[in-house]
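Take a look at the structure set out below.
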Amino acid sequence: MANATGSTNPFELVKQYKYLRVVDVADAMDGIGYFDIGLMSPDVRPLWLGMMFWGVAFTVRCVPANRPMWKLSSTEEIVGAHGIWFKEVGRISYSDQIKPGHVIVTDAGGGRECGFWGSANSLGMIRKGVAGIVTDGYCRDTAEVARQKTPICARQRGRTIIPGRIEVADVQTKIGCGGVQVRPGDIVGCDDDGIIVIPIEVGPEVAVHARAILLADMRGRRRHYESLGMDPDETVDFEKVEEYYSRF
C-alpha cells in the first residue's frame, strides 16, 4: 500500500475544502509552484451538471482480462453472469475498506469498453458514505446515474458488463487516472469544471490559499450583482463561507 498521508489526517483536512471550487484549488496550486499538477484530463468529466464533491482518495487499479467469458446456457446464467465469472476467476473485494468520505478513483488500465461502474454498484458505494467515484474508463446506465444524482465522473459512457473484459488488480496503491498520479489519502475534488487531485503533503497549504481566492472572488462578484440589480445567491454569500472557515 502506498499511503502518503504522514501525520495529516485527510478526513479532517478535507473539511477545509468544503465550498472550494476546482478553479480556486488550481489557482492555489499554481501559486505554490505546482503548475498543472493534479488536473485530470478534461476527458474525465462529471456525468451530470451541478455535481460537486471533495473527498479522500481510495484507489482501485484495474487491468484488462486475459480470457474471454464463456458462452452461457440459460437465461438464469446470463442474468447471473457476474457471479459466475467471479466464482471462476476470483475477485479482489474492497467494500469493507471503504470509509465515509472516500472518493473511489479507478485506473481502468486502458481496457476496451466496459461499464465497470453503473447505476447499481455505485449506489452500494454511496450507501457506505462514498463522496464520489472517478474513473478514466467507462460508466454505464448513465441516465439512471444522472437521475439518481450519483456522483460519478467518467471518461466515456459504456454499455457492456465486466465478465471477460476487466479485472481489479490492486487497491490502495499509487495509480494513474486521467493523466495524473493519485495515491491513497490524496484529496480529490470535482465540479462542473472537472477533477483535481491535491497531493496530501501540500493539502493544508493549498486549502488556505484557495479559501482566500474563493472569498475574494465572492466579494467581487457580489459587488457586480449589486451594481446590476441581481438578486444575491449562494455563490456570493461570502458571509456564510467566512463563518464556516472561522472554525479552522
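The values are calculated or read from the model by the stated rules, or taken from the named source; none is laboratory data. This is a predicted model, so every value here is computed, not measured. Backbone-built Cβ (ideal geometry, glycine too); neighbour counts: all protein chains shown.
Just one of the numbered conditions (1) in contact with a helix residue (DSSP H, G or I) (Cβ under 7 Å, 6 or more places away or on another chain); (2) in a helix (DSSP H, G or I) is not true of residue 243: (1). In the condition set (1) in a loop (DSSP other than H, G, I, E, B); (2) under 21 Å from residue 51 (Cα atoms), residue 190 is compliant with all but (1). The listed residues are 166, 152, 162, and the only one of them that is surrounded by fewer than 24 Cβ atoms within 10 Å (Cβ to Cβ), touching a residue at least 60 places away in the same chain (Cβ under 8 Å) and closer than 13 Å to residue 115 by Cβ turns out to be 162. Can you spot a residue in the range 14-31 that is more than 23 Å from residue 217 (Cβ to Cβ) and either in contact with a helix residue (DSSP H, G or I) (Cβ under 8 Å, 6 or more places away or on another chain) or not in a loop (DSSP other than H, G, I, E, B) (or both)? Scanning the range 14-31, I find no residue that is more than 23 Å from residue 217 (Cβ to Cβ) and either in contact with a helix residue (DSSP H, G or I) (Cβ under 8 Å, 6 or more places away or on another chain) or not in a loop (DSSP other than H, G, I, E, B) (or both), so the answer is no.
Report, by residue number, each residue of the range 36-63 that is loosely packed, with under 15 Cβ neighbours inside 10 Å and at pLDDT 95 or above. Those that are loosely packed, with under 15 Cβ neighbours inside 10 Å and at pLDDT 95 or above: 41, 42, 43, 49, 50. Quick one: which of 209, 224 is modelled with pLDDT of 95 or more and more than 20 Å from residue 20 (Cβ to Cβ)? That would be 224, the only listed residue that is modelled with pLDDT of 95 or more and more than 20 Å from residue 20 (Cβ to Cβ).
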